[in-house]
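Working notes, beginning with the structure itself.
The values are calculated or read from the model by the stated rules, or taken from the named source; none is laboratory data. Since this is a predicted model, take the numbers as computed values, not measurements. Positions of Cβ are generated from backbone atoms using ideal geometry, with glycine treated the same way; all protein chains shown enter the neighbour counts. For accessibility, only protein heavy atoms count, side chains too; no ligands or nucleic acids. Shrake-Rupley method; radii C 1.70, N 1.55, O 1.52, S 1.80 Å.
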Amino acid sequence: AAFQVLETILSEFSNVVVESVVSDRSPLSALFNLLSTSVGSEYMKTKPEKIRIFAAVTLSQAGKLGILGPSVKRHNLRSLAIASLSAACLMEEEDSAECVAEDLTGDGSSISSLYLRGLVDILSEFEEKEQSIVMSSSEAKAISSTLGKKLSDMILDNFMKRESSDFGGGEFDGDDSVNDLPEVKLLCALTTSPDSLSYLCNHGCLEALSLVAAEGVKSAILALHEACKINPEMVLTVEGHTSVMHFIKSRSGEECDETKEACINLLATLCKKTRRGREAVSAHEDCDACIAFASSNIVRLSEAYKDTKSSEPSCDLLDSFIDSQSHALSKSIVISDGSKELSSIAFLSSIVHAKECRTTIVRNSDVIEAFGILIQAALPFIFKSTIISCLAALARYVKEFSSEYTSLSAEQLTKILLLISNKTLSTGARQPGPDTHSQLFGDFSETHHYNENLLYAMACTAFEHMLHHMSGDLVDEVLQNLLQKFKSAIDYQMNTTKKIAIKTRNSGLLACNISSILLRCSSVYDYQSFIKTRSVISDLLRVILLNPGEALNESRDTADEAKMRALEDERTYWYCAVGNCLQCLAILSIEPFEMSMDDIIVNVETEVQASKTTKRSNIAMHAKGINSPKVPSSSFSIAASLHNFARNGLDSTSSVSARRVIENLDLNEPNSL
């Protein structure tokens, strides 16, 4: 009788009762303990499940009012609350058919939903009216291992009920309410934790997320994206890509919103991570709709920059454009690392290798034009590098481009890529980041990864793909641009004592890629005249003499694996550049040079020796009482360097190339001092 009175009071005066119960620690703690009531005794006339339902409804109502979470936190009952609600959620099967939550709530919620609603409120934090579920690693693992299968079953059961012919209501009726289900909220939050992901996958939770994602629930799409970052194969297995591609196609006529942006971000990551992901996406029937969506994002951004001009080289075009446009337009061109435009370009770049996809891309002349506009815009280096990566991927297949389906040619692609040499427009392109106090000198962190050197190095990849499809005049124009960068990179290595990281990073990659193009040109007789000049030969000899990879010191920060890996990569690229220069010189020297090689060699040795002596003197000036050491001239001998390479048995290609250069130029090894 007493319990029936409580039920009546809760039904008629729920808000008053709930607030009074959860405001104090003792009744709130007792309420959580009631959730564990299982087997009744002969003295307990009320069924245990009815007691649990009473507690569940009370806690659920407190969650609806937004007072349960703060009360649990205030009374330090979080552990008890999580354990009690999780355990009670699994006891639903023990309840008799006559005891249903609808008796008290009337809103069609299942008993488990009531438990989960309370659990979600306890785990939630609010910032500017935005709800986020926050869990520790141990809590995420405990909840996922306990409730993972239950959450998945609840979501799948709701979808099955909705599809059944006799379904007349239930947990959700349409797209707008799916995101409000507590099981969806909790499952999406659990998926973002790497520690709990394995438990969820073992209980089929990603299948449930994939179904929810197809409904356009942003949190589910973001959860699949997090899972994709950890293991893209799991997302492919549950056909998560199909869900988001279907959603993009179903909203093809609508403007891009945050949900569609989340979809394209997921597809970009999936295609970038694995070849299987690229193949699955490119072969899907909805791929054309996704390409069209990505293309529209890129074209829309380019239209904002189309008429942007600047008369002063030092002007930041992005800032001046924002100042001159309306607030709405300025918001539309703010670019972040995870923007829909950046992801759209990355997505197109990743699926270029599928013939049907690249055919669709190159047929859209607006996209190609947009790339040309954006390369010149004052965008971050990471954005421009993604554009160039896409163009380089297209350049591999330039041979198959024909008037049958596109007017795109090697000349057009090359002209677009050469726009990166426009100094006026590239001045404002800088990589924004949260760390504004990053080291300038000797720092090989990701902060400086995206720079001008990387842009040119990636462009070189495209040029090399198209080299034999260019006219002689176009090859000459490309070489003139690249040789200036090649010379500048060598000058910086030779003349600068304390190097700035943003100029040093990727310089080895740049030198490697340019020297690779020079090597290919050296093997084509018609192109030899472009590089068989005093300036180019001098630069080849300077790289051989300097061997910049040897000068890169080991990083003192051995705990930072990223820095050590970046430094090792830089060293490897410089070694490759030296090898390319040796091979190039070996080929070019087969026929006698019309110019005096002796004069060139003497000038290079003198120049390098002067720079090294100046650098040593500058260093010595900062150390009191230490005189600048005199460096023997043989240390800067090209002949000595070539003989050292010739004796290097570890690199047979460089060794043989050096021997051929020595033989062709008739260079004797200088006497040792």
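Taking region 369-453 and the helices (runs of 4 or more DSSP H) fully enclosed by it, the elements with 1 or more residues that are modelled with pLDDT under 85 are at 423-426.
For region 651-664, residues that are free of Cβ contacts under 8 Å to residues at least 12 places away in the same chain and farther than 17 Å from Asn580 by Cβ total 1. Listed by first and then second residue, the pairs with beta-carbon distance under 8 Å, at least 6 apart or on different chains, first residue in region 231-255 and more than 26 Å from Pro194 (Cβ to Cβ) and outside any helix (DSSP H, G or I), second basic (Lys, Arg) and open to solvent by less than 40 Å² (accessible area, probe 1.4 Å), are Arg251/Lys260; Glu254/Lys260. Among the numbered conditions (1) crowded, with 23+ Cβ neighbours inside 10 Å; (2) in a helix (DSSP H, G or I), the only one that Gly216 does not meet is (2).
The residues listed here are Ser652, Ser672; of these, the one that is at pLDDT 80 or above, more than 18 Å from Ala551 (Cα to Cα) and open to solvent by 20 Å² or more (accessible area, probe 1.4 Å) is Ser652. Cβ-Cβ contacts under 9 Å between residues 6 or more apart (or on different chains), taken from a first residue in region 548-565 that is closer than 25 Å to Ile490 by Cα and aliphatic (A, V, I, L, M) to a second residue that is open to solvent by 40 Å² or more (accessible area, probe 1.4 Å) and at pLDDT 65 or above, are listed as Leu552/Glu568. Exactly one residue among Glu607, Glu570 is open to solvent by 10 Å² or more (accessible area, probe 1.4 Å) and modelled with pLDDT under 95, and that residue is Glu607.
Can you tell which of Val120, Val134, Val178 is at pLDDT below 80 and closer than 29 Å to Val72 by Cα? On inspection, the qualifying residue turns out to be Val178.
Note on region 264-277: residues that are basic (Lys, Arg) and within 19 Å of Leu222 (Cα to Cα) amount to 2.
The residue that is most open to solvent (accessible area, probe 1.4 Å), counting only those in region 72-102 that are assigned to a helix (DSSP H, G or I) and modelled with pLDDT under 75, is Glu93.
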